[in-house]
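Beneath this line is the structure, given in structure tokens, with notes to follow.
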Amino acid sequence: MFVDARSIPEGTVIESDLCIIGAGAAGIALAREFFSAGLRVSLLESGGLEFEEDTQELYDGKSIGRPFTTLTTSRAREFGGTTNFWGGWSLPLDPIDFEPREGLPYRGWPIRRTDLDPWYAQAHEVVQIGPYEYRPEKWGIRLDEIPAPFNGPNLVCRMLQCSPPTRFAAVYGSALKQASAVTVFLHANALRLIDDEAGRTVSELAVATLGGNRFSIRSKVFVLAAGGIETARLLLASGKPEGPGLGNGNGLVGRFFMVHLEYGASTVAVADPYTDFRFCTNELLNSSGLYYAPFGLKFVTFVAVAEDRMRALKLPNCKYRWTYTYEPEMSGINALRRLLSRSSNDMTDDVLEVARHIGGAGEFAFRKAMGWPLFPVRAINVHMTSEPLPNQESRIMLGDDRDALGMRRVVVDWRLTAEDKRAALAMQRLLGTEVGRTGLGRLRLEMTEDDTTWPDDLFGDQHHMGTTRMDADPGKGVVNADCRVHGLSNLYVASSSVYPTAGAANPTLTIVALALRLADHIKKKQA
Amino acid sequence: MMRIPRRSGLCGAALLLFARRRPAAADDVKSALLFADPAAARAIGAAYLRAYPNDALRGVHPAARLPRAEIATRVCDDFAAGRVAMVNGWMLSQTEARLCAMVYLAG
């Protein structure tokens, strides 16, 4: 059932068994698990069914560290959450991402990848991707055709799967609407979680709408599923007045804020222009429709550092992806392709272009007939997605400014360290060494070799993580291995905010897997 | 007159042209390292000596007397052993960077 919270009378108290705050990937995946669990579920969404500017504006805040300018554009405050513009890239975190690592502080989850494997498999169904299988050879990639050095032992070909992408609102909205056990409150903004006198149980959630009415929800269990920034914001704004916030006895809520680092890092001049790059289904190839699709679904390959090498070099995780710069005769090849496919807009121009590059065009035709790599590559332009190192000084805080509901706005102090930069350089040195050692080409570093300067195109993507990190020790984390907030018996977090380390995997699949695991935990506990 | 299908004709032309593929080198570093362009090698060599002024080449570097295949092996070994030089942002093996330096010093 859907209820517009703006129609709820002022001061109403709603009773619930499970109250989920946030109807994005985590909240919706969680709520679906309770359709027939015999519990009354309240699912709160700040927005409506469509984008609303005044609601989205509630996200706004201030950046005081490294510029973080995407507070209102990197997430969606509407039913379905950020899945409304999610790109769909899906892959699990690697086993190494869960491990404590020598020489890399603040690493290690209190759970292992094997603990999540069953939930990852279920999450695949939720985000509508193929089997829980990420070995490239199982998807039709011929390992023996991958050129050195991308065939091991130091660098390896990896892959991710592409969700359609699943728009949770469109795909799961009608089932939620029909579910008698679940009430979706639209336009319902969580203002503050109120705990009992002893501070061990959350008893009530204060809710407000931009229509002006306020009400509250009492529930046996509360789950925060509001994303990596708002989850911390709400915890900091909750609890006793003038207190540090809920779950923040050790001052950890909002700390360790991480986003994946995206930047152009290097160029590799390729020795043999016909190096076989067909294993690498990057975006450029995808836009030409060249997917490998043995399961009838799409995937994208990339290059990563082998786990053993990551350990030996004390490197965080990363993805190497690239675009191509082609040899000049590519223009002749393109003209020839247009002529062959009868899609030429100007046949005279295209014939002349083929004539100008007759060698390359002829070679293209020959290679096509032989089934060989077709396009002469001059260089690959390497773009990195690299894992940020956990840093407690990188954080989300509450500012003095208030939003339209009177709630304190966030202040983002996003920071990177010298270790982050050194790791980024080490990733390029490894790539440069490997392409040189194997004769693939030579690498030109596009970054300065100091500890602080990043490429101009560096940006932190929309993967907000770490602000309520998971650790078995309350002194080191905000939630425990069950995603329950330390010290509180009935408050849980379903969000990438629980990630103690970010890995290099796009986070949505793990968010959904953790939400499904949490649903199972809550059901067992309530039974 | 017999008509040759367009596609077959182009494939045939490609076969004829295939043998005269131009060198792949398209930028200075590639040319220098393939020794296709002495000017490019000299430029790399000069940049190497600026970046590593304390590398006393001491006359003819032993690698210069080696056959090309042996040089290639040494280059691979350099990369494997981490004997690399950063020259104008390029990560080069010590052997090839020194060879370029020798080309530069030889004028």
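Of note:
- Test: A:G399 is at pLDDT 95 or above and either under 30 Å from A:E57 (Cα atoms) or aromatic (F, W, Y) (or both): yes
- Here A:H486 clears all of (1) within 14 Å of chain B (Cβ to nearest Cβ); (2) open to solvent by 10 Å² or more (accessible area, probe 1.4 Å) except the condition numbered (1).
- Yes/no for A:L491 being closer than 20 Å to A:T83 by Cβ and more than 14 Å from chain B (Cβ to nearest Cβ): no
- Residue list for the stretch A:154-181, restricted to those being touching a Ser or Thr at 6+ places or on another chain (Cβ under 8 Å) and hydrophobic (A, V, I, L, M, F, W, C): A:C157, A:M159, A:L160, A:C162, A:F168, A:A169, A:A181
- Taking the criterion of being of a type in the set (V, I, T), within 13 Å of the chain's Cα centre (by Cα) and within 14 Å of another protein chain (Cβ to nearest Cβ), the residues of the stretch B:63-107 that qualify are B:I71, B:V75, B:T95.
- Residue within the stretch A:315-323 that is touching a residue at least 12 places away in the same chain (Cβ under 8 Å) and facing chain B (nearest Cβ under 10 Å) present: no
- The set of residues from the stretch A:252-306 being modelled with pLDDT of 90 or more, open to solvent by 10 Å² or more (accessible area, probe 1.4 Å), more than 14 Å from chain B (Cβ to nearest Cβ) and not in a loop (DSSP other than H, G, I, E, B) comprises A:R255, A:E262.
- Test: residue in the stretch A:244-251 that is open to solvent by 40 Å² or more (accessible area, probe 1.4 Å) and without any contact (Cβ under 8 Å) to a residue 12 or more places away in the chain: yes
- When A:G87, A:G80 are checked against the criterion of being within 17 Å of the chain's Cα centre (by Cα), open to solvent by 50 Å² or more (accessible area, probe 1.4 Å) and over 27 Å from A:E434 (Cβ atoms), A:G87 stands alone in meeting it.
- Of all residues making up the stretch B:50-76, the number that are assigned to a helix (DSSP H, G or I) and either open to solvent by less than 40 Å² (accessible area, probe 1.4 Å) or at pLDDT below 80 (or both): 7
- Scanning the stretch A:52-62 for residues that are open to solvent by 40 Å² or more (accessible area, probe 1.4 Å) and under 21 Å from the mean Cα position of the chain (by Cα) turns up just one, A:D60.
- Criterion violated by A:M447 - all others in (1) open to solvent by 20 Å² or more (accessible area, probe 1.4 Å); (2) within 30 Å of B:A85 (Cα to Cα) satisfied: (1)
- The residues in the stretch A:307-335 that are aliphatic (A, V, I, L, M) and modelled with pLDDT under 95 can be counted, and the count is 3.
- If you go through the stretch A:452-475 and keep only what is touching a residue at least 12 places away in the same chain (Cβ under 8 Å) and open to solvent by 60 Å² or more (accessible area, probe 1.4 Å), you end up with A:T452, A:T453, A:D457, A:F459, A:Q462, A:A472, A:P474.
- When the test is whether a residue is outside any loop (DSSP other than H, G, I, E, B), more than 18 Å from A:T231 (Cβ to Cβ) and of a type in the set (F, W, Y), A:Y106 does not pass it.
- Qualifying residue in the stretch A:436-453 (condition: part of a helix (DSSP H, G or I) and within 14 Å of chain B (Cβ to nearest Cβ)): yes
- Condition broken by A:A206, with the remaining ones in (1) open to solvent by less than 40 Å² (accessible area, probe 1.4 Å); (2) out of contact with any Lys or Arg (no Cβ under 6 Å at 6 or more places or on another chain) satisfied: (2)
- Where strands (runs of 3 or more DSSP E) fall wholly inside the stretch A:111-195, no range has 1 or more residues that are crowded, with 22+ Cβ neighbours inside 10 Å and free of Cβ contacts under 8 Å to residues at least 40 places away in the same chain.
- Filtered residues of the stretch A:1-17 (kept if open to solvent by less than 40 Å² (accessible area, probe 1.4 Å) and in a strand (DSSP E or B)): A:V3, A:I14, A:S16, A:D17
- Filter pass, A:E102 being in contact (Cβ under 8 Å) with a residue 40 or more places away in the chain, over 19 Å from A:L235 (Cα atoms) and in contact with a Ser or Thr (Cβ under 8 Å, 6 or more places away or on another chain): no
The values are calculated or read from the model by the stated rules, or taken from the named source; none is laboratory data. This one's a predicted model, so the numbers in the text were calculated from it and none came from an experiment. Because the Cβ atoms are built from the backbone with ideal geometry, glycine has one as well, and the counts that use them run over all protein chains shown. For accessibility, only protein heavy atoms count, side chains too; no ligands or nucleic acids. Shrake-Rupley method; radii C 1.70, N 1.55, O 1.52, S 1.80 Å.
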